[in-house]
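One structure is given here, and the rest of the page talks about it.
The values are calculated or read from the model by the stated rules, or taken from the named source; none is laboratory data. Since this is a predicted model, take the numbers as computed values, not measurements. Here the Cβ is made from the backbone with ideal geometry for all residues, glycine too, and neighbour counts use every protein chain on show. These area figures cover heavy atoms from the full protein model, side chains too; ligands, DNA and RNA do not enter into them. Shrake-Rupley method; radii C 1.70, N 1.55, O 1.52, S 1.80 Å.
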Amino acid sequence: MAERPEPDPPADPSARTLRAEVVAVRWQAPEGGFAVVGALTDAGEEVTLTGTLDHVHEGEVLEADGAWRRHAKHGWRFEVAGARSLGPVSDAALLNLLAGVRHVGPSGAAWLLERHGTGVLEAVDADPRARLREVPGIGPSRIGPAVRSWEKLRGRRALRLFLAEHGVPAPAAARLERAFGPEAIGLLREHPFRATEVDGIGFATADALAQALGTDPAAPERLEAGILHALEEAGQDGNCLLPRDELERRAAALLGAPVGAEIETLTARGRLVADGDLLADPAMDALERRLARSARELAGGEPVLRLEHAERPAGGAFVPTAEQWAVVDAVRRGRLAILTGGPGTGKTATMRALVDLLKAERRSVRLCAPTGKAARRLSESTGAPATTIHRLLGWLPEEGAFEHGPDDPIPATDVLVVDEASMLSAPLADALLGAIGPRTHVLLVGDVDQLAPVGPGRVLEDLIDSGAVPTVRLTEVFRQAARSLIVRAAHAIDAGSPPPTEVDPADPEAIRDFFVITRGEAQAMFDEIVGLATERLPRHYDLEPPADVLVLAPMHKGPLGVDALNAALRARLNPDGAAIPGTPFRVGDRVIQTRNDHERDLMNGELGVLVHHDRERDRVSFAGDDGRRLGLGTDELGTLRLAYAISVHKAQGSQAPAVIVPVFRGHHVMLTRNLLYTAVTRAERVCVLVTQPGALETALRAKETRARCTRLARLVREG
């Protein structure tokens, strides 16, 4: 088979600007935004442009900013970061633009051009209803849709031009257009910082727009937006509120101006809530107080659960220790209890014993976890159905709220068991505890030494620290579990000690399932990880990559980050997958969902494979690890990412037969005991750390990346 000829490079591959006339729109995402267009430069060079170009038409001249990239399949393409339209330059371009208006079509476009000449766009703009009503075939029933189509087209082009002129990148322009619609220009001229309300647009973009529109850097609305944004960013770091001096420092660094007086003003106006020296957003202040009240009332409430034969078993397949059986007593005697402990201490067996007892006593029990993967593991280990917390609470996508809450609690449940409770953020815990009915007891189960939740708060740790919630901490590692080096390594890491790599020669049943491989340089580590994940571990342990092998990296960027590992692993594991046009994916790619999609019940952290692409319908089939198949439009794949390698944070609640973790000095900002402990405890059969001298010691010395500012422990304790 003849090799495909190497594509000719552009005249200047280092160019960062390009002027070209659009000659063809080759592909457009169905919902708008991304497009692939063919164009001709002033020098006559045929080029391909990609980016947020759904508003351009054939015949337009663009001045684009961006960079050249060589695509493995499609050759050289200019990836557009921003584009300015200089307008149509030919009759053909005008005809193409006009024909896109609903009910106008090619013949109507030709009629308009002949009647109004090259000033046709201005003529229609001046009175769209009158000019379009003149087009043959557009009668009373069609004029409304035609005018709306014209206004939408005009508004889109005007908005893109307005935002491009003021330095707003094209992807952000597309989000603003979808969020604010035809009123976007007027709204943003009047209130440019409203842009921060749109998901994916930060303060920097809104601030650049505001300053381009002439907003005074010391304007109160700018200072207010910056202060509130600094507090929102703190929430993304896990904080529920901030000390005043910390908020002032963060906001001043963001704004380049002193903000003390404006913080006082915002507090006086109720835009900030003060609790001593701490400042919170009013909504978060109310949420944390409400969560504390729910936890306090549950913990202090009179028990309603009655069990006739709640005596510790003396025989059978599982004989719980007194420490483990204390969990059953805690559940009986109070309406809120906590079970915590590290790997090998019997948390799962204890939950199973509790579930079996409740079933024998004919009491209803429900089990849930923050993620679908964790819920499936919980169901498998206890023999009882389990679900995600969102499904338990009945998420209503169209309303953006849960079905169950204080006025409509979770029905018919004597005991609710919540596993992986260390992943509970303050908002999710507030929704869950607020939906507990008056006859339900709750058991939270989790390992506080794992990573803190994604989102504000550290609920499980705060409830334990409050001293108001009965807590059973399992500490004994059982003999069978202790034979696993994974379990021993996890406990050593948690204590800040070097993990063991050799089994006890006196124990013939000891399992060598944990390994540390040291390599000197990043490239040697990289090659080792790729070889382990694609060949050596699958061959030795009879595994199917990538589903059975989880590569967990602390960071996304860098030579040993998630992105670089994904590229190399896909090249080895899915080299011939058919490209899915308009997306970065191929058929056969392993992917992970990065946001909660409640409408499809596809949650953040769910893993699966893109198994089929229907070109005619432009839809893909997503086969989830839970056995479900979902049909997704290619325009709906923006929340998916490659998952041959994922971050340790994304792996919370998941497990895999084999886990490989790079421990790299370049990741020192993220290397902590908590992160490494979480990664190791994801492994079921084998765990391999690929490290370099000094990196493991760095991780063992660092307990946490940063403390979180919360008040839940105090609020629960003090009432």
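Per-structure values
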{"read-out": "Any pair with Cβ under 8 angstrom, 6 or more apart, that starts in the stretch 422-436 at a residue that is under 21 Å from residue 451 (Cβ atoms) and in contact (Cβ under 8 Å) with a residue 40 or more places away in the chain and ends at one that is among the basic types (Lys, Arg) and open to solvent by 20 Å² or more (accessible area, probe 1.4 Å)", "value": "430/290"}
{"read-out": "Residue identified as surrounded by fewer than 15 Cβ atoms within 10 Å (Cβ to Cβ) and at pLDDT 85 or above among 123, 130, 146", "value": "130"}
{"read-out": "Complete set of residues in the stretch 538-575 that are part of a helix (DSSP H, G or I) and on the phi > 0 side of the Ramachandran plot", "value": "none"}
{"read-out": "Pairs with Cβ under 7 Å, 6+ apart, first in the stretch 599-625 and among the acidic types (Asp, Glu), second open to solvent by 40 Å² or more (accessible area, probe 1.4 Å) and at pLDDT below 80", "value": "599/397; 618/30"}
{"read-out": "From the options 258, 303, residue that is touching a helix residue (DSSP H, G or I) at 6+ places or on another chain (Cβ under 9 Å) and either closer than 30 Å to residue 414 by Cβ or in contact (Cβ under 8 Å) with a residue 24 or more places away in the chain (or both)", "value": "303"}
{"read-out": "Filtered residues of the stretch 424-438 (kept if open to solvent by 10 Å² or more (accessible area, probe 1.4 Å), within 19 Å of residue 331 (Cα to Cα) and not aliphatic (A, V, I, L, M))", "value": "434, 438"}
{"read-out": "Unmet criterion (only one of (1) more than 14 Å from the chain's Cα centre (by Cα); (2) of a type in the set (S, T, N, Q); (3) over 20 Å from residue 582 (Cβ atoms)) for residue 604", "value": "(1)"}
{"read-out": "Residue ID - modelled with the lowest pLDDT, chosen from residues in the stretch 588-626 that are touching a Leu at 6+ places or on another chain (Cβ under 7 Å) and open to solvent by 40 Å² or more (accessible area, probe 1.4 Å)", "value": "600"}
{"read-out": "Hey, residue 297 at pLDDT below 95 and over 18 Å from residue 229 (Cβ atoms) or not", "value": "no"}
{"read-out": "Residue in the stretch 526-537 that is out of contact with any Phe, Trp or Tyr (no Cβ under 8 Å at 6 or more places or on another chain) and in a loop (DSSP other than H, G, I, E, B) present", "value": "no"}
{"read-out": "Residue match in the stretch 274-292 (condition: surrounded by 14 or more Cβ atoms within 10 Å (Cβ to Cβ) and within 30 Å of residue 475 (Cβ to Cβ))", "value": "yes"}
{"read-out": "Residue that is least open to solvent (accessible area, probe 1.4 Å), among those in the stretch 212-229 that are assigned to a helix (DSSP H, G or I) and in contact with a His (Cβ under 9 Å, 6 or more places away or on another chain)", "value": "212"}
{"read-out": "Criterion violated by residue 577 - all others in (1) modelled with pLDDT of 95 or more; (2) of a type outside the set (S, T, N, Q); (3) closer than 24 Å to residue 634 by Cα satisfied", "value": "(1)"}
{"read-out": "The listed residue being under 31 Å from the mean Cα position of the chain (by Cα) and open to solvent by 60 Å² or more (accessible area, probe 1.4 Å), out of 563, 542", "value": "563"}
{"read-out": "Residue satisfying condition, being modelled with pLDDT of 95 or more, within 20 Å of residue 337 (Cα to Cα) and open to solvent by less than 60 Å² (accessible area, probe 1.4 Å), within set 421, 386", "value": "421"}
{"read-out": "Residue satisfying condition, being at pLDDT below 80, open to solvent by 60 Å² or more (accessible area, probe 1.4 Å) and among the basic types (Lys, Arg), within set 26, 16, 4", "value": "4"}
{"read-out": "Test: residue in the stretch 439-459 that is under 21 Å from residue 378 (Cα atoms), among the charged types (D, E, K, R) and open to solvent by less than 60 Å² (accessible area, probe 1.4 Å)", "value": "yes"}
{"read-out": "Matching residues, the stretch 331-374, being small (Gly, Ala, Ser) and in contact (Cβ under 8 Å) with a residue 40 or more places away in the chain", "value": "334, 337, 341, 342, 344, 346, 353, 360, 364, 369, 372, 374"}
{"read-out": "Residue 526 vs. criteria under 28 Å from the mean Cα position of the chain (by Cα) and at pLDDT 95 or above", "value": "yes"}
{"read-out": "The stretch 646-696 - residue that is more than 21 Å from the chain's Cα centre (by Cα) and charged (D, E, K, R) and, of those, surrounded by the fewest Cβ atoms within 10 Å (Cβ to Cβ)", "value": "665"}
{"read-out": "Strands (runs of 3 or more DSSP E) contained entirely in the stretch 407-514, each with at least 3 residues that are among the aliphatic types (A, V, I, L, M)", "value": "415-418, 441-446"}
{"read-out": "Single condition residue 380 does not satisfy, out of (1) free of Cβ contacts under 8 Å to residues at least 40 places away in the same chain; (2) open to solvent by 30 Å² or more (accessible area, probe 1.4 Å); (3) in a loop (DSSP other than H, G, I, E, B)", "value": "(3)"}
{"read-out": "Any hit, the stretch 61-81, residues being of a type outside the set (D, E, K, R), open to solvent by less than 80 Å² (accessible area, probe 1.4 Å), under 28 Å from residue 178 (Cβ atoms) and at pLDDT below 75", "value": "yes"}
{"read-out": "Matching residues in the stretch 384-406 - criterion: being assigned to a strand (DSSP E or B), among the aliphatic types (A, V, I, L, M) and more than 22 Å from residue 327 (Cα to Cα)", "value": "396, 401"}
{"read-out": "Residues located in the stretch 301-317, provided they are open to solvent by 60 Å² or more (accessible area, probe 1.4 Å) and out of contact with any Phe, Trp or Tyr (no Cβ under 7 Å at 6 or more places or on another chain)", "value": "302, 306, 308, 309, 311, 314, 316, 317"}
{"read-out": "Hits in the stretch 601-637 - residues which are out of contact with any strand residue (DSSP E or B) (no Cβ under 7 Å at 6 or more places or on another chain) and basic (Lys, Arg)", "value": "615, 617, 628"}
{"read-out": "Residues being touching a strand residue (DSSP E or B) at 6+ places or on another chain (Cβ under 9 Å), closer than 22 Å to residue 426 by Cβ and open to solvent by less than 30 Å² (accessible area, probe 1.4 Å) - total across the stretch 465-492", "value": "1"}
{"read-out": "Residue under evaluation residue 572, criteria (1) surrounded by 14 or more Cβ atoms within 10 Å (Cβ to Cβ); (2) more than 30 Å from residue 447 (Cα to Cα); (3) within 24 Å of the chain's Cα centre (by Cα), criterion not met", "value": "(3)"}
